[in-house]
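Peer 1: Sharing a structure below in structure tokens format, with a few things to ask.
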Amino acid sequence: MDIQIEEEQIKHLLQLLEQCVNMDSPSKDKQLGDRMADWFAKQFAALTGGTVERIPNATYGDQLRCVIGTGPRRILILGHYDTVWKEGEASKRPFSMKDGRAYGPGVYDMKAGVLQAIFALRLLKEKGRLPADKQIVLLLNSDEEIGSPTSRAVIEREAERAEAAFVLEPPTEPTGALKTWRKGSAHFILVVEGISAHAGVDPQKGVSAIEELSRQIQYLHALTDFEKGTTVNVGVIKGGIGANVIADHAEAEVDVRIMTLQEAQRIEALIRGLKPTLPGTKLTVTGGIRRPPMQRTEATGKLFALAQRIAWEELGMDLRESGTGGVSDGNFAAARGVPTLDGLGAQGAFAHSPQENIELSSIPSRISLLARLLEEC
């Protein structure tokens, strides 16, 4: 192995992993988010000797811009410290290790991945192999699990100045494959207004918002095109106040996944252009594209080829590439034209589940892989 983390450092990482997993950091709790930001800022400075710029956030936890190196070439690492779990979850099922796996809220998505990045940077510095021509920025945000509403602009600004981006989200399991593409996502809310009436006494005076919505749902689902990689799903519907009342209000939440920006724009135009089919009804559409597609480019392919060569020749890993309909902050970086490799985080299983866990034996090789990528890219 060309560059390898020592066993004592792995023990230290696991001690730190226990500490941060046992600290709740839900996306929408600023106080707990700021506490988690304090902790990661302290660890980054202590372990790497780098600097931390705290980016104030009025709504969620502050974002952290962690920097090491002073070279002219900038490399971006993306991670997040927020989790989907509410306050109190860590006390209910604290960090534990059993049968070669570590468990706890946020251990897989993605506190282990963030620590792997920090220890990869520490490893390069300790070995005297931190590239002199590079400045490496580890950007940690606090609202990724709710769509990165306040951190998107920060990510895009950093991406525009970077030559490559590495994302510490979990890989594709069970092989640990890296992600070279992700679909983009959009979210819409469709509101239908109808005319209320008594369903038994004078139904002819009413126009059902629910009936209109049902017709629109059929059209929306027909927009799904698996060959193009486009999916449209109405996942939530609401409407009506009683079985004997013709509903004057109904609404639906619509999820869209798309492979290309061109397709995203086409689908968005169709949804925004919806017209009512029943006289007397009115449609209102809000929402739009939340994350642009992370499209696989030739430059991303070259970056993956480098990762694959390092994995095979130095780590004995048969590294594969993959893609997914799920989204990450890597979507924002890639949409700015930056070659982006995603899925460099910890291997494991059951993200966003009480069974969430990581595979302990994979940690050293994932750290070495990232370190070598940072050195050679």
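The values are calculated or read from the model by the stated rules, or taken from the named source; none is laboratory data. Note that this is a predicted model, so its numbers are computed, not measured. Neighbour counts are summed over all protein chains in view; Cβ atoms, including those assigned to glycine, are modelled from backbone coordinates with ideal geometry. In case anyone asks, the SASA skips ligands and DNA or RNA and just uses the protein heavy atoms, side chains included. Shrake-Rupley method; radii C 1.70, N 1.55, O 1.52, S 1.80 Å.
Peer 1: Along each principal axis of its Cα atoms, how long is the stretch 221-377 end to end? Whole angstroms, biggest number first, please.
Peer 2: For the stretch 221-377, the Cα extents along the three principal axes come out at 69, 37, 24 Å.
Peer 1: Then there is this: Are there GluC sites (Glu not before Pro) in the stretch 127-195 that DSSP marks as loop and that have at most 10 other Cβ atoms within 10 Å, and which are they? Mind dumping the intermediate values first?
Peer 2: Working: sites: Glu144, Glu145, Glu156, Glu158, Glu160, Glu163, Glu193; in loops: Glu160, Glu163.
Taking the stretch 127-195 and a limit of 10 other Cβ atoms within 10 Å, no loop GluC sites (Glu not before Pro) are found.
Peer 1: Separate question: Rounded to the nearest 20 debye, what is the charge dipole size of the chain about its Cα centre when +1 sits on each Lys and Arg Cβ and -1 on each Asp and Glu Cβ?
Peer 2: Working: 44 positive and 50 negative charges, 111 e Å.
Value, rounded to 20: 540 debye.
Peer 1: If you take the square roots of the eigenvalues of the alpha-carbon gyration tensor of the stretch 329-377 and sort them as a ≥ b ≥ c, do you get rounded (a/c under 1.5), prolate (a/b over b/c) or oblate?
Peer 2: Values: a/c = 5.56, a/b = 1.32, b/c = 4.21.
Verdict is oblate for the stretch 329-377.
Peer 1: Of the listed pairs Lys30/Lys228; Lys86/Lys282; Lys28/Lys125; Lys28/Lys92, which have alpha-carbon separations greater than 30 Å here?
Peer 2: Values: Lys30/Lys228 40 Å; Lys86/Lys282 38 Å; Lys28/Lys125 35 Å; Lys28/Lys92 19 Å.
With Cα atoms farther than 30 Å apart: Lys30/Lys228; Lys86/Lys282; Lys28/Lys125.
Peer 1: How would the chain be classified by its alpha-carbon gyration tensor: rounded, prolate or oblate, with rounded meaning a/c under 1.5 and the a/b versus b/c comparison settling the rest? Could the numbers behind the result be given before it?
Peer 2: Numbers: a/c = 2.40, a/b = 1.94, b/c = 1.24.
Verdict is prolate for the chain.
Peer 1: Which shape class applies to the stretch 1-112: rounded if a/c is under 1.5, otherwise prolate when a/b exceeds b/c and oblate if not, where a ≥ b ≥ c are the square roots of the Cα gyration tensor eigenvalues? Don't jump to the answer; show the numbers that get you there.
Peer 2: Numbers: a/c = 2.23, a/b = 1.08, b/c = 2.05.
Oblate, because a/c is 1.5 or more while a/b does not exceed b/c.
Peer 1: For Lys98, which lysines qualify as cross-link partners when the Cα separation must be under 21 Å and same-chain residues fewer than eight apart are set aside?
Peer 2: List returned: Lys11, Lys111.
Peer 1: Okay, next question. Just the number please: accessible area per residue for the stretch 246-371, 1.4 Å probe, all protein chains included, in Å².
Peer 2: Numbers: 5260 Å² over 126 residues.
Heavy-atom accessible area per residue stands at 42 Å².
Peer 1: For the stretch 355-376, list residues with backbone N below 17 Å from a point placed 7 Å from the Cα of Ser96 toward its Cβ?
Peer 2: Inside the label zone: 355-360.
Peer 1: Can you give me the relative contact order of the chain as a percent, contacts being Cα pairs under 8 Å and 6 or more apart? Intermediate values should be presented prior to the final figure.
Peer 2: Working: 880 pairs, mean separation 85.8, N = 377.
So the answer I get is 23 percent.
Peer 1: Within a Cβ distance under 13 Å of Gly128, other residues only, what is the Lys/Arg minus Asp/Glu net charge? The partial results should precede the final answer.
Peer 2: Values: positive: Arg122, Lys125, Lys127, Arg129; negative: Glu126, Glu375.
Every neighbour counted, the sum reads +2.
Peer 1: Which residues make up the longest stretch of the chain clear of chymotrypsin sites (Phe, Trp or Tyr not before Pro) that lie in a DSSP loop with no more than 16 other Cβ atoms within 10 Å, not counting the sites? If you can, show how the numbers build up before the last one.
Peer 2: Numbers: sites that count: Phe226, Phe350.
The longest uninterrupted stretch comes out as 1-225.
Peer 1: So what is the 222 nm mean residue ellipticity for the chain from helices alone, if each DSSP H run of at least 4 adds -39500 (n - 2.57) and you divide by all residues, rounding to the nearest 500 deg cm²/dmol? Write out the running numbers ahead of the final one.
Peer 2: Values: 10 runs with 125 residues, N = 377.
Computed mean residue ellipticity for the chain: -10500 deg cm²/dmol.
Peer 1: Heavy atoms only, probe 1.4 Å: what % of the accessible area of the chain goes to carbon and sulfur, would you let me know?
Peer 2: Working: 8190 of 16190 Å².
Answer for the chain: carbon and sulfur cover 51 percent of the accessible area.
Peer 1: Whole-Hz Karplus ³J(HN,Hα) for the stretch 222-238, in order, using 6.51 cos²θ - 1.76 cosθ + 1.60 and θ = phi - 60°, x for Gly and Pro?
Peer 2: 6, 6, 4, 9, 5, 5, 7, x, 9, 10, 10, 9, 8, x, 9, 10, 9
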